[in-house]
Amino acid sequence: MAVKVNAEECVGCGACVASCPFGALVMQADKAHITEACTACGACVEICPVSAITREQEEKTAQIDVAAYKDVWVFVEQTEGQAKNVAYELLGEGRKLADAMGQKLAGVLIGDSVQPLAREVFARGADIVYTVEGPELKNYSTDGYTAVFTDLIQTYQPAVVLIGATNDGRDLGPRVACRVGTGLTADCTNLGIDAQTGLVAWTRPAFGGNIMATILCPDHRPQMGTVRPKVFKQPEPDYSRSGQLVQVENKVKAQDIRTRLIEAVRVCTVACNLEESEIIVSGGRGMGKAENFGLIEELANVLGGAVGASRAVVDAGWKPQPHQVGQTGKTVGPKIYFACGISGAIQHMAGMSSSDIVIAINKDADAPIFKAADYGIVGDVLEILPALIEEFKKIKQ
Ligand code: FAD
Ligand code: SF4
């Protein structure tokens, strides 16, 4: 798609210049001129009083041969040689899709010396593992990983690509999709096969979580999506499995990567490792003030769990964003989730409803959180939490 100014029609009024959110319109010789900053968003088109700006619709891409695209791929995100749990969750789900489509499941490992992880990937159901290794790929970088993944897709033509909706996955997925000319459904919470078309049915919350939208990608390949951690269970590893290892040459050079990792500062300790934690103690606005969050931390500490927070708490600056649970925070699925002084807004529930057991403490007996709770305590968190901490300490001793 491209935005164009018809110089003959343009009367040089300059009305469009201020309308561009990217500052991509300038006046040159009394005519509007579009610079390279244009993203073809089209915001200026309606503004022009003489209709001198037009946005050309992309011609429907020549029909691609969808049959040439085969197999289901999972990006196996890893840090320091450890795969993220979401990668294993997606291998389990990818296996089901591949079986339903009568195709193979492949894991994609990018990094430095990551080949030992291939055994784990085979054990979780992969038939093929693609590895691309090099010192330039030791740490995730947008430039490096995008170039490698794009090249892999263009070479091997997978039908489906699944990526975890982690910070890095959310960065990588859309870039790769754009480069290979396909679409991407972000932040999926369910996957399936559409009975009519045989396409992957990508389901994700829409309109603030009020409806679930199911999206298909009929015309482009691969079908791509990012999937939230913890929405699927990890498969049990089967170490008797093995498969085909494809080692692909790394073409990325250090100078291709425009960012340089100077130092990694760990701001997140065990307390905010929410996705991996079996117990989460979360606090909401009902905690009253930042200082009272000490009670949440103490209970989490006694139980060996992580500390979660509602968005109201994050917005108030009581806890940093990595602790936020919900639609715009993390999706968690612990064995036990304590919701303390949290009302249970739909956007919060979107992030914790797959918890095995929910224990809610709220002074309002009609708070919606009680509908999602297995155990509910109606009362003041500032009285109940100290009592719980005391009791759990006794049990621990
Ligand atoms: P409140 O809704 O104010 O609830 C506080 C609760 O504490 C009340 O139920 C009250 O009865 C109880 N309470 C008060 N005092 C006490 C006490 N002393 N003892 C016991 N109980 C007490 N929210 C998220 O959490 N995560 C998200 O990711 C998220 N994403 C959003 C995305 C969008 C697009 C939008 C529009 C909103 C989003 N929200 C999100 C915000 C969400 O709608 C709610 O506003 C938020 O979850 C409310 O947080 P809360 O439950 O802590 O506060
Ligand atoms: Fe600016 Fe969008 Fe118009 Fe391009 S299409 S000139 S980015 S307003």
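The values are calculated or read from the model by the stated rules, or taken from the named source; none is laboratory data. Being a predicted model, the structure only gives us computed values, none of them experimental. Every residue, glycine among them, receives a Cβ derived from its backbone with ideal geometry; neighbour counts consider all protein chains shown.
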- Task: Kindly indicate the residue of the range 243-263 that is free of Cβ contacts under 8 Å to residues at least 40 places away in the same chain and assigned to a loop (DSSP other than H, G, I, E, B) and also surrounded by the fewest Cβ atoms within 10 Å (Cβ to Cβ) among those meeting that condition.
- Result: Glu263
- Here are Thr54, Thr79: which of them is polar (S, T, N, Q) and either under 30 Å from Leu109 (Cα atoms) or more than 16 Å from ligand 2 (Cβ to nearest atom) (or both)? Thr79
- Do any residues in the range 369-381 that are closer than 20 Å to Gly326 by Cα have Cβ atoms under 8 Å from those of residues that are part of a loop (DSSP other than H, G, I, E, B) and not aliphatic (A, V, I, L, M), where the two are at least six apart or on different chains, and which pairs are they? Ile369/Ser343; Ile369/Gly344; Phe370/Gly344; Lys371/Gly344; Ala372/Gly344; Ala372/Ser353
- Close pairs (7 angstrom Cβ cut-off, 6 or more residues apart or separate chains): assigned to a helix (DSSP H, G or I) and within 16 Å of ligand 2 (Cβ to nearest atom) in the range 287-316, among the hydrophobic types (A, V, I, L, M, F, W, C) and modelled with pLDDT of 95 or more anywhere: none
- Residue within the range 248-268 that is within 19 Å of the chain's Cα centre (by Cα) and closer than 26 Å to Val313 by Cβ present: yes
- Task: Evaluate the range 4-13: report whether one residue or more is within 29 Å of Gly181 (Cα to Cα), in contact (Cβ under 8 Å) with a residue 12 or more places away in the chain, in contact with a strand residue (DSSP E or B) (Cβ under 6 Å, 6 or more places away or on another chain) and near ligand 2 (Cβ under 8 Å from one of its atoms).
- Result: no
- Query: How many of the residues in the range 354-397 are of a type outside the set (Val, Ile, Thr), out of contact with any strand residue (DSSP E or B) (no Cβ under 8 Å at 6 or more places or on another chain) and more than 9 Å from ligand 1 (Cβ to nearest atom)?
  - Reply: 12
- Message: Here's a check for you: in the range 318-332, which residue that is more than 16 Å from the chain's Cα centre (by Cα) and at pLDDT below 95 is surrounded by the most Cβ atoms within 10 Å (Cβ to Cβ)?
- Response: Lys319
- Item | Pairs with Cβ under 6 Å, 6+ apart, first in the range 338-356 and surrounded by fewer than 20 Cβ atoms within 10 Å (Cβ to Cβ), second part of a loop (DSSP other than H, G, I, E, B) and at pLDDT below 95 | Ile346/Gly209; Gln347/Gly209; Gln347/Gly326; Gln347/Gln327; Ser354/Gly333; Asp356/Lys335
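Across the range 22-51, what is the total count of residues that are near ligand 2 (Cβ under 9 Å from one of its atoms) and either surrounded by fewer than 11 Cβ atoms within 10 Å (Cβ to Cβ) or over 25 Å from Cys178 (Cα atoms) (or both)?
Of the residues in the range 22-51, 2 are near ligand 2 (Cβ under 9 Å from one of its atoms) and either surrounded by fewer than 11 Cβ atoms within 10 Å (Cβ to Cβ) or over 25 Å from Cys178 (Cα atoms) (or both).
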- Kindly establish whether Ala165 is farther than 30 Å from His323 by Cβ and either of a type in the set (A, V, I, L, M, F, W, C) or modelled with pLDDT under 95 (or both). no
- Message: Can you find a residue that is within 26 Å of the chain's Cα centre (by Cα), modelled with pLDDT of 95 or more, within 30 Å of Pro135 (Cβ to Cβ) and not small (Gly, Ala, Ser) anywhere in the range 58-69?
- Response: no
- Query: Arg285 fails exactly one of the following numbered conditions: (1) of a type in the set (D, E, K, R); (2) more than 7 Å from ligand 1 (Cβ to nearest atom); (3) surrounded by fewer than 18 Cβ atoms within 10 Å (Cβ to Cβ). What is the number of that condition?
  - Reply: (2)
